[in-house]
Amino acid sequence: MVDPDFDVHLQELRRGTIVLASLQLLRTPGYGYGLLEQLASAGFATDANTLYPLLRRLEKQGYLDSEWNTDDPRPRKFYRTSPAGIRLAAIMTAEVAAIASATAALPTGD
């Protein structure tokens with residue numbers, strides 16, 4: 001069990017990983033609800049109130065492209081990682097690996 005006082009710090013740590021995971025998963029086009037399910041099954045649990053604003057922000061920044069699918073009775077917006085988003089994901093992946101390596105090299109105090 002994690003100390004409740006740690007929640008805010010853990011949430012900050014996870015926020016960037018949700019961005020990276022979303023960019024990676026949306027290399028194959030998908031819509032918000034499906035992405036929520038994919039993220040959860042990959043171990044990146046988040047909620048819709050976090051994900052949908054994130055998707056809109058990444059789209060506005062040019063890291064996601066979108067298109068409406070109106071073939072179904074209820075139109076849905078599909079997202080796909082843009083070329084800029086693919087570059088950002090590659091940079092973020094390298095940075096996460098560097099942080100993990102640096103963290104593993106820190107003394108644990110045991």
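The values are calculated or read from the model by the stated rules, or taken from the named source; none is laboratory data. Computed from a prediction, not measured in an experiment: that's the story for all the values here. Glycine also receives a Cβ, built like all others from the backbone with ideal geometry; neighbour counts cover every protein chain displayed. We work out accessible area using only protein heavy atoms, side chains counted, and drop any ligands, DNA or RNA first. Shrake-Rupley method; radii C 1.70, N 1.55, O 1.52, S 1.80 Å.
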Query - Verdict on THR108 being part of a helix (DSSP H, G or I) and among the polar types (S, T, N, Q) - result: no
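Among the residues of the range 42-56, is any free of Cβ contacts under 8 Å to residues at least 40 places away in the same chain, in a loop (DSSP other than H, G, I, E, B) and of a type in the set (Lys, Arg)?
To start, the set of residues in the range 42-56 that are free of Cβ contacts under 8 Å to residues at least 40 places away in the same chain comprises 42-56.
From what's left, in a loop (DSSP other than H, G, I, E, B): 42-47.
Okay, now just the ones that are also of a type in the set (Lys, Arg), so none.
No, there is no match, as no residue in the range 42-56 is free of Cβ contacts under 8 Å to residues at least 40 places away in the same chain, in a loop (DSSP other than H, G, I, E, B) and of a type in the set (Lys, Arg).
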Query raised in the report: Is one or more of the residues making up the range 70-93 modelled with pLDDT of 95 or more, at negative phi and of a type in the set (Asp, Glu)?
Result: no
Report summary line: Filtering the range 48-68 down to residues that are of a type in the set (D, E, K, R) and surrounded by 16 or more Cβ atoms within 10 Å (Cβ to Cβ) yields GLU59, ASP65
Query raised in the report: Being in contact (Cβ under 8 Å) with a residue 12 or more places away in the chain, in a loop (DSSP other than H, G, I, E, B), surrounded by 10 or more Cβ atoms within 10 Å (Cβ to Cβ) and within 12 Å of the chain's Cα centre (by Cα), is that true of even one residue in the range 14-23?
Result: no
Report summary line: Note on ASP71: of the conditions (1) assigned to a helix (DSSP H, G or I); (2) open to solvent by 90 Å² or more (accessible area, probe 1.4 Å); (3) out of contact with any helix residue (DSSP H, G or I) (no Cβ under 9 Å at 6 or more places or on another chain), unmet is (1)
Report summary line: For PHE44, the lone unmet condition from (1) surrounded by 15 or more Cβ atoms within 10 Å (Cβ to Cβ); (2) modelled with pLDDT of 95 or more is (2)
Query - Residue check for THR70: free of Cβ contacts under 8 Å to residues at least 24 places away in the same chain and of a type in the set (Val, Ile, Thr) - result: yes
Report task. Write out, first by first residue and then by second, each pair whose Cβ atoms fall under 6 Å of each other, whose residues are 6+ apart or on separate chains, and whose first residue, in the range 77-91, is in a helix (DSSP H, G or I) while the second is open to solvent by 50 Å² or more (accessible area, probe 1.4 Å). Result -> ALA84/TYR63; GLY85/TYR63; LEU88/TYR63; ALA89/GLN24
